[in-house]
Each structure stands twice: as structure tokens, then as C-alpha cells.
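Working notes, beginning with the structure itself.
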Amino acid sequence: MLSSSSPSGSIDQPQQHQQQQQQSQPQILTPPLPYHPQKYGTPVGVVILPNPSIQPFKTAIRNASVPGLTEDQPIAFRGVDPHTVEGFKQIHVSTEVAASLMDGNAYLTMFLKECGGVFIPGARRKKGRRGGRGSGRQSLHRDNEDEGDDISTSSSISTSSSSADFNESERASPLFTFVELFAGIGGFRIGLERIGGACVLASEHDPIACRIYRRHFDNKQVSTSTSVNVNASESDKGNSNQEMGNENRHHLVECDMLDVVSDDFPPEGFDILTAGFPCQPFSSRGEQKGLNDDGHRGQLYQELVRTLMEQRPPFFLFENVVGLVTMEGGHRHADRDSEFAKPRIDGKHTFKSGKVMERILDAFRDCGYKVEWRVVNSGRFVSQYRERVYFVGSLTELNCPDMEWDNIYPPEEEKPPILRDVLEQDFAQSKSVAESEITLQQWEKLQLIHHGEAATRARLKVEDYAPTLISSYRIPASPTTRFVMEEADGTLRHGDPLRPRFLTTREFRDIMGFPDDFDVSAPYNNELGHIYQGLGNAVVPPVIEGIGREMLRLMKLVKQQ
């Protein structure tokens, strides 16, 4: 075991073997490579180690008092790749370890010195090795043919071809271009393509979400809208209603956001950066670890900071849960008498941002952006009460006017349908309805959870809209799950003979505002739960469309200045 004075004790091998290992150490690793401080983003880095030292390195991390790592937290690497020198590996360490090494952790520094290792801050996984690997899950996407062993750093851009092979002809007609980070299943893209946008890059880590994304967007064609092309010349505006006439392919980079590098982005730039950055650390349904969330999820807004600083898009549009707004001193209170309160939007809230929210806002502002935010309820767009916070940013030198948030909503007469109108009409003949019915055992357990009042407490109100749909919707034991207990024609499902059922994937899709052609069949292993999870984590495309239209108005004003 390691001693507190000497990390070399971690190697647990005879002293003679240690000396032989150091004597055979390649010159490429001595002296250590130059130190390149990472300017922006979540801390990342790679440790190059002799193969026998990899497991002892885990022990050293455990005993090095690394901030952010708890005693019961397993020591895991983001990836282990071959090195160009035989007998060595490239260890992509966790963000906590990278930050500690950047801060000069004496214990880990001594360990690396004694075993002949080197830490390279800012290094990211090479493109041929980053997709799905090292995450503990099997990658489901097409493997990249490039399996080279070198690494990319934030200060040295890789010279290999980008994962997204950009074609200028694909960008000839859109009103604007955008990038979709933390893409999920493509909610931002669907909303912005409806108003004439073209996605030039998307990035997502989850392999199932990537499969759903590809299934929908592969080989799709996109038509522009009647919106004014704020990026085109006057002579080009007449073409804004014509179909683009070419494939707007997915450009999907499937990897951890920490491994997205500058040359993944189109060299000619883009207009809007979009992202629904991870919300689990801030969700009121979780532990709300916030910025201290395990596995760096609470710090991934820093990757948006990195992208803003390196790419300098004119505008951005981000989304997160309202729990982010209220953490550490923020609050919400009902404002039923507000001028913004609308029919079927009971419980309108006014929000005050807390310390976590202000810290993130300051980070975006420090990138040189004017930042506005608003909590928007999707109940004006779809049959669902769903509050989310949206951030709209513009480069300060653009002097962009303020958002008119009232403009994002559809006209009053275009109210979304009530839930009854969304339900399967021919439910008796529907296979998906039959498969969504809960079992007798699940019905009995549901009654226990709701103290025998499940028929009233756990029901979806068919004359209203659905509550917030979440990724874990299809869990019958959850006290927050709501079930269909009355069909569209009034048939009751109270257990005799019909038991309550979940929303079908088609109903779930429609309530989330996804288009009719969005495939909701099982994407993998006949497991429909992946569809509920993907949709429950998504943004509501009509909301994105509404905000996007208002952003286009501002872009036009900026161009006219």
C-alpha cells in the first residue's frame, strides 16, 4: 500500500524491477513534455504510463486526496488508449484528477516522476477512439475507420479530417446555420429546421440517443420557410421559399463532449450554438448536487464556455431545468394574476435566480456575450405543463436588441389540443395500447403507493394537459407517474376489466411536440423504454421554433444596423 511519504509504494513490486523499469524508460518521456495550461472548459488531460503502473496509478489516486472524489467512489478513467511507444498507454483521467494534477497535486506528481509517467493537460481522445469507448457501454454507432493512437489537445488542433465532412452545397440555401451540442435525439434541430435553419454539426454521447438521432435525420431533406434570410444578400432572399434540394445530413459526432475539438466545427463558422446541457445535477427530482455532481455533469456548462470562446458564434440558445434557477438562494412563487398568465397554464411562476444560476450566467457573460433568460412553459405550445429555462445570448459587439419573449408564443386562437384529443382513438384495436397496460401486480402495487386512491391520484386528466413528462416515465412504481385511466371515448380503466396504462410512445411523442414522422419504435433490443427516455430528456421542438423565430427577428435587426 502507499505510504504518505512516498508514492512509489503503490507499485507493490520488488525494488529491482522498479529500477529496471526506470532504466528502460524511453527518452521520449524524459524530460516531461511542455506544460500547456488549459484556458477554457472542464479540466481534461492524459497521463502516459508504463503498462505495469496503470493499476498502481488507481491506488495512488485513491490515496492522493483528490478534491471531488469520495472514498466510496470507484476510480475510473475516461479511456485507455495505446501509445505510440510500445509498453505505454494513454490514460484519459477523470476531470477531478485532471484538475488536481493541474493544481500540482504533490502526491500524484511524485508518483508520475518515480514511475516514468507524464501528464499532458488539455489532451483529449483522438477521433478514431472517442466514440462510445471508455464509457462502460457498447458503442452502437458505425465505428470510425481512423484508429490512430495520437491525441488531440485544446492548444494543438488535430490535422486529421473532421468527423463531420462538410459540404458547401449543403449550406447554400438555409436562412442560418447552427450547431447542436448535447443533441440527445434532435429536439433543437427539429425546431430550428422548421424555420429554415441547417444543422452543420451535432454532438451526443449516449449511444441509444445517437441511434435514434441517426434514424430520423439520415438522408433527410429540409425546406426553408418564409422567414427572411438575415444572412443572405438581397438577391438571395427570393429563394427563401424553395426547397433546399439536397441532403442536410446529420454531421453527428458521437462522443463525450469533453472530446469534441475545434476542428469538429465547420471552418467557415455558424450562426447559433444550441445545447441542452445536462440537467440531472439541477433537477428537483434528483439529489440536486448541482456544480458538485459526480462525473463532471454539473460542470459541463464549462464546455459551452470553451466552445463560445473558441468558436465565437454570433448567437446561442441553451436550455435546462428550472431547478437550476432556484438552487442556492433562488426561488419561485406562483403568479396567477400575472399579465402573462394564460388559459390552461395554471400555476404560472415568477423566478429569482440563485447563486448557481448567477455563476453560470457570469461565465457566459465573461465570454463576451449579452445573456437573457426566461422560464417558458410548454403548455402554450403542446398538451403538457413543462417549465424549462432558456438562455439566449448574443455577442456584445453586435449591440443586439432585447428579446421580446411574448413573441415566441403562438396566437391565442392556436391552443394546443386537450389530452383526450391526443389519445389513441381506436384503442381497442391498438397493439401499442395493449402493450402499455400495466399488469395486475403493478396495479396492486400502484394502489399501495397511493393508499387505495390510485384511480384519482395517479390519473391523467383527459380534459386538460399532461404533467411534465420525464425520462423515467415508464416506471410503474414511481409515485409521480400518471396513467391513462380514461380512453378518448370515455371508456374507464379502473381495473375491471381494463387496467390503467402508460401513454403509448406515439402519444408521448405528440405531447412532446415531435413530428408525426419521428419513428417511435424500439431503437435497440426491442426496448421501448429508450424512446420514453429520449423523449423525456428532450426539448419541446415547438418551443425551440418559437424562440428561434424571435432570434431571427433580432438577427435581421442586427444586420440592418
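At full extension, Lys559 and Asp426 could sit 42.8 nm farther apart than now, given 0.36 nm per residue minus the alpha carbon distance. FRET efficiency for the Thr491 to Glu527 pair, using the beta carbon distance and R₀ = 30 Å, is estimated at 0.55.
Spin-label model, Asp218/Asp464: points 7 Å from Cα along the beta carbon direction are separated by 4.2 nm.
With the cut-off at 1.5 for a/c, could you classify region 399-554 from its C-alpha gyration tensor as rounded, prolate or oblate? It is prolate, given that a/c is not under 1.5 and a/b is the larger ratio.
Quick check: residue separation of Thr70 and Thr456 times 0.36 nm, minus the Cα distance between them. What number comes out in nm?
134.7 nm
Here r is the Cβ-Cβ distance between Asp103 and Gln311 and R0 is 22 Å; the resulting FRET efficiency, rounded to 0.05, is 0.20. Here each label is just a point 7 Å from Cα along the line to Cβ, and for Ala477 and Thr350 those points are 4.3 nm apart. Under a 5 Å amide H cut-off, with hydrogens placed 1.01 Å from N, Phe391 pairs with Phe318, Glu319 among residues at least 5 apart or on other chains.
Ranked for footprinting exposure by Cβ neighbours inside 10 Å, fewest first, Ile54, Ile475, Ile61 give Ile475, Ile54, Ile61.
The length gained by stretching the chain between Ile418 and Asp517 to full extension, at 0.36 nm per residue less their Cα-Cα distance, is 33.5 nm.
Any read-out appearing in this document is the output of simple, stated calculations on the displayed coordinates, not a laboratory observation. Keep in mind it's a predicted model, so treat the numbers as computed, not measured. Here Cβ is always computed from backbone atoms with ideal geometry, including for glycine, and neighbour counts include all displayed protein chains.
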